[in-house]
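The values are calculated or read from the model by the stated rules, or taken from the named source; none is laboratory data. None of the values given here were measured: they were computed from a predicted structure. Here the Cβ is made from the backbone with ideal geometry for all residues, glycine too, and neighbour counts use every protein chain on show. To get the accessible areas, we keep the full protein, side chains included, count just its heavy atoms, and leave off ligands, DNA and RNA. Shrake-Rupley method; radii C 1.70, N 1.55, O 1.52, S 1.80 Å.
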Amino acid sequence: MKRTGIFGGTFAPVHNGHIRIALKFKEEFDLDRLLIIPASIPPHKEQPKGDTPLHRLEMLKLVFEKDEYKDQGIEISDFELNKPGKSYTVDTLKHYYRKDSQLYLLCGTDMLLSFHKWRSVEEIASLTKLVFTRREEPNPGLDLQIDTQLGYLKESFGLDIHELKMPALELSSTYIRNNAHKDISGLVPDAVLNYIRNNNLYKG
């Protein structure tokens, strides 16, 4: 059975941490195909100021449409950008679900902890395996929240959940937006940095 990974988010902008996570996700779960899917209007957060969905899509293309990633089965999907209204994960999963392919949905700890509030959690559980990754340093309080949530999601919704273990990643798109006028080389690919500067993004 083929394995397809779903890595969604605002990607405002895409940064080196996203790239490391994508490559680790594909490697650890032996994915035949990895879909990078920028959200148009995420229901759980506000639209980032200083860019547009099309800017975010173009920056993703600058990164992942290189042959080195295409050859690994990494693709960018504009499905959610072209879909009217808010981007609900269940709709994206239904669009990509195939009987001969297993879906793996990647999320961070913040999304994991709010997962029970998502639309149609039971249906999501029937369509995909859930993979989460911790971006934060070890923290007893947070670890307890995560463990409690994992037990609740498995028991209440029958979610099949796996962890993508990676070193803590103290890098966020919010930080990059807030510091775009400073030196952020090394945090984003050069092509993305040039795009941000050339298009005067994240000026407040």
Which residue is nearest to Leu23 (Cα to Cα), if the candidates are limited to the stretch 156-175 and must be outside any loop (DSSP other than H, G, I, E, B) and at pLDDT 95 or above?
Glu163
Checking the condition buried (at least 16 other Cβ atoms within 10 Å of the Cβ), touching a Ser or Thr at 6+ places or on another chain (Cβ under 7 Å) and touching a residue at least 12 places away in the same chain (Cβ under 8 Å), which residue from Ser87, Ser101 passes?
Ser87
Take the residues of the stretch 151-193 that are without any contact (Cβ under 8 Å) to a residue 12 or more places away in the chain and within 20 Å of Ile124 (Cα to Cα): which is surrounded by the most Cβ atoms within 10 Å (Cβ to Cβ)?
Lys154
Is it the case that the stretch 2-14 has a residue that's at pLDDT below 95, charged (D, E, K, R) and open to solvent by 70 Å² or more (accessible area, probe 1.4 Å)?
no
Among (1) within 22 Å of Tyr104 (Cβ to Cβ); (2) touching a Phe, Trp or Tyr at 6+ places or on another chain (Cβ under 7 Å), the one test that Arg177 misses
(1)
Report yes if Asp110 is out of contact with any helix residue (DSSP H, G or I) (no Cβ under 7 Å at 6 or more places or on another chain), modelled with pLDDT under 95 and within 29 Å of Tyr152 (Cβ to Cβ), otherwise no.
yes
From the list Leu113, Leu103, Leu142, exactly one residue is over 24 Å from Tyr88 (Cβ atoms) and among the hydrophobic types (A, V, I, L, M, F, W, C). Which is it?
Leu142
Log entry, pairs with first residue in the stretch 10-34 being under 18 Å from Leu93 (Cα atoms) and in contact (Cβ under 8 Å) with a residue 24 or more places away in the chain, second being among the β-branched types (Val, Ile, Thr) and surrounded by 18 or more Cβ atoms within 10 Å (Cβ to Cβ), beta carbons closer than 6 Å, six or more apart or on different chains, reads Arg33/Thr4; Leu34/Ile74
Just give me the residues in the stretch 118-148 being surrounded by fewer than 18 Cβ atoms within 10 Å (Cβ to Cβ), among the small types (Gly, Ala, Ser) and modelled with pLDDT of 95 or more, in sequence order.
Ser120, Ser126
